[in-house]
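Shown next, in structure tokens, is the structure this report addresses.
The values are calculated or read from the model by the stated rules, or taken from the named source; none is laboratory data. Small disclaimer: the values here were computed from a predicted structure and weren't measured. No Cβ is skipped: glycine too gets one built from the backbone with ideal geometry, and neighbour counts run over all protein chains shown. The accessibility values were calculated without ligands, DNA or RNA, using every heavy atom of the protein model including side chains. Shrake-Rupley method; radii C 1.70, N 1.55, O 1.52, S 1.80 Å.
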Amino acid sequence: MDSIPKFPLGDIIEKFIDFTTEHFSDFTRAVSDITETALDNLIDGMLFFHPILFIAVVGGLLFKFSGRKIAIGSVAGLLFILNLGLWNATVSTLALVLSATLVSIAVGIPLGIMAALYRPFNRVLMPLLDFMQTMPAFVYLIPAIPFFGLGPVSAIFTTVIFAMPPSIRLTCLGISQVPSELIEAADAFGSTKKQKLFKLQLPLAMPTIMAGVNQTIMLALSMVVIAAMIGAGGLGGEVWRAIQRLWMGRGFEAGIAVVIIAMILDRVTQRTAVKKK
């Protein structure tokens, strides 16, 4: 085996990254500046309100749209996080997760629709999604640094790549599972492709699409903690700092805060999916 020359995969990847960073650095720098400004404004806006007022508003909205039990549990969880002294870190994590999730959904759902409607596109896209989902999460941190540098923008980039596949897959699955009889009935009444998509396929696929959104949020939360290694901050930064300094108690507190946020977002999206049925 020693006589067989090694395939220079690593060299090819490094040259490709060097080429793209050299020729597209102005574009990536502009994207980084815009994204960082938007993220900072979002965090400042969330921190502008007193934590108690913010939690009360969240509780009221959840009571109206998600029910009494979810609202009470969410308010109790957020008050506990506030009591632990992790409110600012939690707001930073929420802003990062929401930003990454919105981008993932905005890109993933249209790609899922295209994959469901166009078979050749589906055959090309699905192996790429397999690759994205099986690649170790830490690997996504490597190309983010030369493109966007250390900080939350790189964290958003890596989180979007890692968390996007479920929204694509489940959007494609939901549309593909629409009964063929209903498609034939729509065709018989002279519906256009646009009418079939927006008035039949997407409404029927919405519970499955929302399940994809739920999975995207969960993956975004898990990746945000990992992305603390490249300066994402937030609760992930608290966990990473605790690991480096062996602050076991502080690490568990930050970890429990992440679990609380995950449970709140999970219950809210699950309840939304149930309402869509």
Problem set entry | Hits in the stretch 174-186 (condition: modelled with pLDDT under 90 and open to solvent by less than 50 Å² (accessible area, probe 1.4 Å)) | V178, I183, A185, A186
For this session: May I ask you to say which residue of A205, A262, A211, A228 is within 21 Å of T35 (Cβ to Cβ), among the aliphatic types (A, V, I, L, M) and within 24 Å of the chain's Cα centre (by Cα)?
Result: A228
Exercise. Restricting the stretch 204-227 to residues that are touching a residue at least 40 places away in the same chain (Cβ under 8 Å), open to solvent by 20 Å² or more (accessible area, probe 1.4 Å) and not β-branched (V, I, T), which is nearest to E238 (Cα to Cα)?
Worked result: S222
Exercise. If G234 passes every condition in (1) on the phi > 0 side of the Ramachandran plot; (2) modelled with pLDDT under 85 but one, which one does it miss?
Worked result: (2)
Seminar exercise, completed: When F148 is run through (1) surrounded by 15 or more Cβ atoms within 10 Å (Cβ to Cβ); (2) at pLDDT 90 or above, the failure sits at (2)
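For (1) touching a Leu at 6+ places or on another chain (Cβ under 7 Å); (2) within 21 Å of V258 (Cβ to Cβ); (3) part of a helix (DSSP H, G or I), each residue gets a yes or a no:
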| site | (1), (2), (3) |
| --- | --- |
| P146 | no, no, yes |
| A155 | yes, yes, yes |
| C172 | no, no, yes |
| D187 | no, no, yes |
| Q195 | no, no, yes |
| F198 | no, no, yes |
| A205 | no, no, yes |
| T208 | yes, no, yes |
| A211 | yes, no, yes |
Exercise. Looking at the stretch 121-133, is at least one residue on the phi < 0 side of the Ramachandran plot and buried (at least 21 other Cβ atoms within 10 Å of the Cβ)?
Worked result: no
Exercise. Under 8 Å by Cβ, and 6 or more places apart or on different chains, what pairs join a residue from the stretch 122-139 that is free of Cβ contacts under 8 Å to residues at least 12 places away in the same chain with one that is assigned to a helix (DSSP H, G or I) and exposed (fewer than 13 other Cβ atoms within 10 Å of the Cβ)?
Worked result: none
Problem set entry | Matching residues in the stretch 144-160 - criterion: being in contact (Cβ under 8 Å) with a residue 40 or more places away in the chain and within 17 Å of V103 (Cβ to Cβ) | A144, F147, F148, G151, P152, V153, S154, A155, I156, T158, T159, V160
Exercise. Which of the residues belonging to the stretch 229-273 are under 23 Å from G151 (Cα atoms), among the aliphatic types (A, V, I, L, M), in contact (Cβ under 8 Å) with a residue 40 or more places away in the chain and part of a helix (DSSP H, G or I)?
Worked result: M229, I230, L235, A254, A257, V258, I261, A262
Exercise. Within the stretch 165-173, is even one residue of a type in the set (A, V, I, L, M), open to solvent by less than 40 Å² (accessible area, probe 1.4 Å) and farther than 21 Å from R123 by Cα?
Worked result: no
For this session: Would you mind listing the helices (runs of 4 or more DSSP H) fully within the stretch 13-87 where at least 1 residues are among the hydroxyl-bearing types (S, T, Y) and either at pLDDT 90 or above or surrounded by fewer than 17 Cβ atoms within 10 Å (Cβ to Cβ) (or both)?
Result: 25-48, 68-83
Seminar exercise, completed: Just one listed residue, out of E14, E36, is among the acidic types (D, E) and either under 17 Å from V268 (Cβ atoms) or in contact (Cβ under 8 Å) with a residue 40 or more places away in the chain (or both), and it is E36
Seminar exercise, completed: Taking first residues from the stretch 187-202 that are at pLDDT 85 or above and second residues anywhere that are among the hydroxyl-bearing types (S, T, Y), the pairs with Cβ under 8 Å that are 6 or more apart or on different chains are K199/S191; L200/S191
